[in-house]
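A.B. asks: Could you have a look at this structure, given as structure tokens, before my questions?
The values are calculated or read from the model by the stated rules, or taken from the named source; none is laboratory data. Computed from a predicted structure; not experimentally measured. With ideal geometry, Cβ positions are generated from the backbone for all residues, glycine too; neighbour counts draw on all protein chains shown.
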């Protein structure tokens, strides 16, 4: 667990920089889950939605590989989800992900 929001922000910044090295320029990164709510425990991971136009040319497997390489490089417990802006906007309103993302306890990083 990271004791401050600043520590989580630093991990997200490093993750974003590592993605950029792979040619993924993020439009938006959304922190959700226990770190966003302030309820993270000792073994909590960092839940992120990564939104990038660069994912448009990638299938699910390739997106997972790119995210996995970034996680491996910074060696932090991150659980990312990858979407293009269009995919993110089309998430059904009644989906679990939409409910989690829109619970007003999320932090957006640009």
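A.B. asks: Can you work out which of the residues in the stretch 96-110 that are surrounded by 16 or more Cβ atoms within 10 Å (Cβ to Cβ) and in a helix (DSSP H, G or I) is farthest from the chain's Cα centre (by Cα)?
C.D. replies: Ranking the candidates gives 100 first.
A.B. asks: Now a separate question. What is the one condition in (1) free of Cβ contacts under 8 Å to residues at least 24 places away in the same chain; (2) in contact with a helix residue (DSSP H, G or I) (Cβ under 7 Å, 6 or more places away or on another chain); (3) outside any helix (DSSP H, G or I) that residue 93 does not satisfy?
C.D. replies: All conditions are met except number (2).
A.B. asks: Evaluate the following for residue 40: is it at pLDDT below 95 and more than 15 Å from the chain's Cα centre (by Cα)?
C.D. replies: Details: at pLDDT below 95: yes; more than 15 Å from the chain's Cα centre (by Cα): yes.
Considered against the rule, which asks whether it is at pLDDT below 95 and more than 15 Å from the chain's Cα centre (by Cα), residue 40 comes out as yes.
A.B. asks: Pull up the stretch 27-37, narrow it to residues that are over 16 Å from residue 10 (Cα atoms) and in contact with a helix residue (DSSP H, G or I) (Cβ under 8 Å, 6 or more places away or on another chain), then point me to the one that is modelled with the highest pLDDT.
C.D. replies: Just the residues of the stretch 27-37 that are over 16 Å from residue 10 (Cα atoms), to begin with: 27, 33-34, 37.
Still in the list and also in contact with a helix residue (DSSP H, G or I) (Cβ under 8 Å, 6 or more places away or on another chain): 27, 33.
Numbers: 27: 97, 33: 89.
Checking each candidate, the answer is 27.
A.B. asks: Please work out which residue is farthest from residue 76 (Cα to Cα), limiting yourself to the stretch 22-63 and to residues that are part of a helix (DSSP H, G or I) and free of Cβ contacts under 8 Å to residues at least 12 places away in the same chain. Spell out how you get there, then give the answer.
C.D. replies: Of the residues in the stretch 22-63, the ones part of a helix (DSSP H, G or I) are 34-37, 53-57, 60-63.
Within this subset, residues satisfying the condition of being free of Cβ contacts under 8 Å to residues at least 12 places away in the same chain are 57, 60-62.
Numbers: 57: 26, 60: 22, 61: 21, 62: 20 Å.
Among those residues, the one meeting the criterion is 57.
A.B. asks: Assess whether residue 87 counts as being at pLDDT 95 or above, loosely packed, with under 14 Cβ neighbours inside 10 Å, touching a helix residue (DSSP H, G or I) at 6+ places or on another chain (Cβ under 9 Å) and assigned to a helix (DSSP H, G or I). Working first, answer last.
C.D. replies: Values: at pLDDT 95 or above: yes; loosely packed, with under 14 Cβ neighbours inside 10 Å: yes; touching a helix residue (DSSP H, G or I) at 6+ places or on another chain (Cβ under 9 Å): yes; assigned to a helix (DSSP H, G or I): yes.
Criteria met by residue 87.
A.B. asks: If you don't mind, there's one more thing I want to ask. Can you confirm whether residue 69 is part of a helix (DSSP H, G or I), surrounded by 13 or more Cβ atoms within 10 Å (Cβ to Cβ) and either in contact (Cβ under 8 Å) with a residue 60 or more places away in the chain or touching a helix residue (DSSP H, G or I) at 6+ places or on another chain (Cβ under 6 Å) (or both)? Walk me through it before giving the result.
C.D. replies: On the way: part of a helix (DSSP H, G or I): yes; surrounded by 13 or more Cβ atoms within 10 Å (Cβ to Cβ): yes; either in contact (Cβ under 8 Å) with a residue 60 or more places away in the chain or touching a helix residue (DSSP H, G or I) at 6+ places or on another chain (Cβ under 6 Å) (or both): no.
The answer is no for residue 69.
A.B. asks: Oh, and also: Give the residues of the stretch 43-54 that are more than 12 Å from the chain's Cα centre (by Cα) and under 19 Å from residue 13 (Cα atoms), sorted by residue number.
C.D. replies: Initially, the stretch 43-54 is screened for residues more than 12 Å from the chain's Cα centre (by Cα), giving 43-44, 53-54.
Within the stretch 43-54, 44, 53, 54 qualify.
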